[in-house]
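Q: Pasting a structure below so you can have a look.
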Amino acid sequence: MKLGYVFLLAYSLICWANVLLASPFSGWGAFLDVGQLKPINDDSGEEYQTSKIIGDQIDYQFALGDFLSCIFFVSENVNKGSVPSIKKYEYYKAGILGAELRAWVGPLFLGFHGGRYFLTWIETLSSYSGLKWSGGNGLGLGVESESGWSIGWYKEKSGKIKFNDSPDQRVEGDRFIFGYRWR
């Protein structure tokens with residue numbers, strides 16, 4: 001965690017000194033998410049994820065000047081997992097519907113976002129727990145080239161998500177996204 005603070009401090013100093021010019025541009029982006037959003041028991045901290053599968057993100061970015069951009073995005077992933085008290089669910093889907101503000105220094109960005117995080121437990125394609133929602137936020141750091149290719153790391157955490165038939169949960173984790181933005 002201390003390494004994260006060092007990155008944040010160094011990035012902030014570079015932004016403050018205006019050493020480099022920013023390079024945000026407007027357009028749609030599609031990304032592969034190889035990280036994880038995992039459900040966690042809100043009271044005990046027990047993780048319910050049993051294996052990682054994959055996720056995706058679609059967004060639209062528009063520039064707010066030379067050093068800032070705004071992104072509206074939808075991200076989701078599906079993973080294996082189980083709630084100890086309910087054995088019928090073997091998979092879950094978690095995701096985010098949010099907005100992000102990015103500060104740019106050249107191709108580097110630092111993003112802060114907030115939004116609605118969702119979680120649903122899946123038994124079959126026709127049987128699931130229903131979508132449950134909560135607010136949350138995250139922090140991201142990444143690089144987006146002039147050609148449109150992008151890679152980023154995000155730290156996520158939602159608020160409490162309440163379920164009727166299982167313990168209250170939250171969604172958190174690290175996401176690594178890789179993708180392309182069209183101009």
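Each reported figure results from applying straightforward, stated rules to the coordinates on display, with no laboratory input. Please read these numbers as outputs of a predicted model, since none were measured by experiment. Cβ atoms come from the backbone with ideal geometry, glycine included; neighbour counts cover every protein chain shown.
Q: Which whole-Hz ³J(HN,Hα) couplings does the range 129-140 yield from phi under the Karplus relation 6.51 cos²θ - 1.76 cosθ + 1.60, θ = phi - 60°, glycine and proline marked x?
A: Per residue, the Karplus-derived 3J(HN,Hα) values read 7, x, 6, 10, 10, 7, x, x, 8, x, 10, x Hz.
Q: Let me ask you something else. What does the helix-only formula give at 222 nm for the chain: each DSSP H stretch with n ≥ 4 adding -39500 (n - 2.57), the total divided by the residues, and the result rounded to the nearest 500 deg cm²/dmol?
A: Details: 1 runs with 16 residues, N = 183.
Value at 222 nm, helices only: -3000 deg cm²/dmol.
Q: Shifting gears a bit: Could you check the simple spin-label distance between L101 and W28, using points 7 Å along Cα→Cβ, in nm with one decimal?
A: For the pair L101/W28, the computed spacing is 2.8 nm.
Q: Now a separate question. Mind scanning K38/K93; K87/K155; K38/K157 and naming the pairs with a C-alpha gap bigger than 19 Å?
A: Details: K38/K93 9 Å; K87/K155 29 Å; K38/K157 10 Å.
Those over the limit are K87/K155.
Q: If I model a spin label at S44 and Y60 as a point 7 Å from the Cα along the Cα→Cβ vector, what separation in nanometres do I get?
A: Placing both labels 7 Å along Cα→Cβ, they lie 4.4 nm apart.
Q: Next question, about the same structure. If a paramagnetic tag sat 7 Å from the Cα of S85 along the Cα-Cβ line, which residues of the range 27-43 would have the backbone N under 13 Å from that point?
A: Inside the label zone: 41-43.
Q: So how much slack lies between W133 and F176, counting 0.36 nm per residue of separation and subtracting their Cα-Cα distance, in nm?
A: Numbers: separation 43, 0.36 × 43 = 15.48 nm, distance 2.24 nm.
Separation in residues times 0.36 nm, less the Cα-Cα distance, equals 13.2 nm.
Q: Dipole of the chain, Cα-centred, from +1 at each Lys and Arg C-beta and -1 at each Asp and Glu C-beta, to the nearest 20 debye?
A: Working: 18 positive and 19 negative charges, 21 e Å.
Here the size comes out at about 100 debye.
Q: Right, here's the next one. Largest first and in whole Å, give the semi-axes of the range 21-181's equivalent ellipsoid, each being the square root of 5 times a Cα gyration tensor eigenvalue.
A: Values: eigenvalues 201, 41, 30 Å².
Each semi-axis is √(5λ); the values are 32, 14, 12 Å.
Q: Helix 2-17 versus the longest principal axis of the chain: what angle, 0 to 90°, nearest 10, using Cα atoms?
A: 30
Q: Considering Cα pairs under 8 angstrom that are at least six residues apart, work out the relative contact order of the chain and quote it in whole percent. Show your work: numbers first, answer last.
A: Details: 498 pairs, mean separation 41.8, N = 183.
Reported as a whole number, the value is 23 percent.
Q: Once you place label points 7 Å from the Cα toward the Cβ at L125 and K160, how far apart are they in nm?
A: Distance between label points: 3.7 nm.
Q: Residue by residue through the range 69-78, what is 3J(HN,Hα) from phi via Karplus (6.51 cos²θ - 1.76 cosθ + 1.60, θ = phi - 60°)? Round to whole Hz and write x for glycine and proline.
A: 9, 10, 10, 10, 9, 10, 9, 8, 8, 10
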